[in-house]
Amino acid sequence: MTTKREDGAGGKLRIGSVCVFCGSHEGRDPAYRKAAARLGREAARRRVTVVYGGGSIGLMGVVARAALEEGGHVVGIIPELLDRLEVGLKEVSEFVLVPDMHSRKAEMFRRADAFVVLPGGLGTLDEFVEITTWAQLGLHSKPILLVNLADFFAPLVAYLRHASAEGFIAPRHLELFTVVPDVDALWAALAADGA
């Protein structure tokens with residue numbers, strides 16, 4: 001299990017792993033693929049383990065392969081059903097097969113020091129909402145970052161602000177996640193938490 005570790009510079013703790021939630025498709029904008037590859041490469045260069053959904057396709061596969069190509073450590077966690085549907089990427093450093101989606105999210109949570117959300121569909125939205133809800137309930141205080149490439153997450157953020165204005169989400173809970181515009185800003189934000 002990857003945990004926060006000392007960075008050798010005065011004993012400051014650093015983030016040793018990031019869980020990346022992202023699409024099993026690449027999307028229409030080439031910027032999504034480019035950012036996913038940059039994230040994987042940069043994680044490897046920073047010696048930060050990538051924990052992800054275990055698939056070989058879409059942005060998931062892009063992140064994982066880019067990290068592996070840079071010599072990074074990649075943990076793929078995939079349910080048996082999705083391993084058959086998405087063709088799990090067996091070349092990762094650790095390939096973890098779990099029985100179901102609930103087990104997958106629990107294992108990803110256990111192995112991550114922070115969560116990074118790239119563009120994706122319903123599965124990505126589900127993962128972001130669940131991990132943020134866990135933070136709302138006080139189950140963790142790990143950083144959660146939405147990488148808002150080309151304003152991809154602007155409608156989601158607008159909805160959350162609207163729900164807060166209508167009294168369904170406490171304003172303080174909008175601070176449980178951080179919105180950043182790109183991968184470079186992601187690393188800058190994580191640096192404040194020790195990455």
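Remark: region 42-195 carries a charge dipole of roughly 240 debye about the Cα centre, counting +1 on each Lys and Arg Cβ and -1 on each Asp and Glu Cβ. If the elastic network links every pair of Cα atoms under 10 Å, which of ALA43, ALA150, ALA158 fluctuates the most in the Gaussian network model of the chain? Greatest mean-square fluctuation among the candidates belongs to ALA158. Rounded to the nearest 5, the antiparallel percentage of DSSP beta bridges internal to the chain is 10%. Per atom type, region 20-149 shows carbon and sulfur on 54% of its accessible surface, probed at 1.4 Å.
Excluding the sites themselves, what is the longest stretch of the chain that contains no trypsin sites (Lys or Arg not before Pro) in a DSSP loop with at most 12 other C-beta atoms within 10 Å? Segment 91-195 is the longest. Taking all Cα pairs closer than 8 Å and separated by 6 or more residues, the relative contact order of the chain comes to 22 percent. Taking the chain as a Gaussian network of alpha-carbon nodes connected by springs under 10 Å, the highest mean-square fluctuation of the residues HIS73, HIS140, HIS25 belongs to HIS140.
Note on region 26-164: along the principal axes its Cα atoms extend 43, 33, 30 Å, ordered by decreasing extent. Among the lysines of the chain, pairs at least eight places apart or on separate chains and with Cα atoms under 25 Å apart come to 7.
Rolling a 1.4 Å probe over the heavy atoms of the protein chains gives the chain an accessible area of 49 Å² per residue. Result for the chain in a Gaussian network model with C-alpha springs under 10 Å: among GLY58, GLY72, GLY138, the largest mean-square fluctuation is at GLY138. Farthest toward the positive end of the dipole of region 81-184, out of GLY88, GLY123, THR133, is the Cα of THR133, where the dipole comes from beta carbon charges about the Cα centre.
The alpha-carbon atoms of region 82-195 define a convex hull whose volume equals 133 cubic angstrom per residue. Here's the picture: charge each Lys and Arg Cβ at +1 and each Asp and Glu Cβ at -1 in region 136-195, and of PRO155, TRP187, ILE169 the one pushed furthest to the positive end of that dipole is ILE169.
The values are calculated or read from the model by the stated rules, or taken from the named source; none is laboratory data. Computed from a predicted structure; not experimentally measured. With ideal geometry, Cβ positions are generated from the backbone for all residues, glycine too; neighbour counts draw on all protein chains shown. In case anyone asks, the SASA skips ligands and DNA or RNA and just uses the protein heavy atoms, side chains included. Shrake-Rupley method; radii C 1.70, N 1.55, O 1.52, S 1.80 Å.
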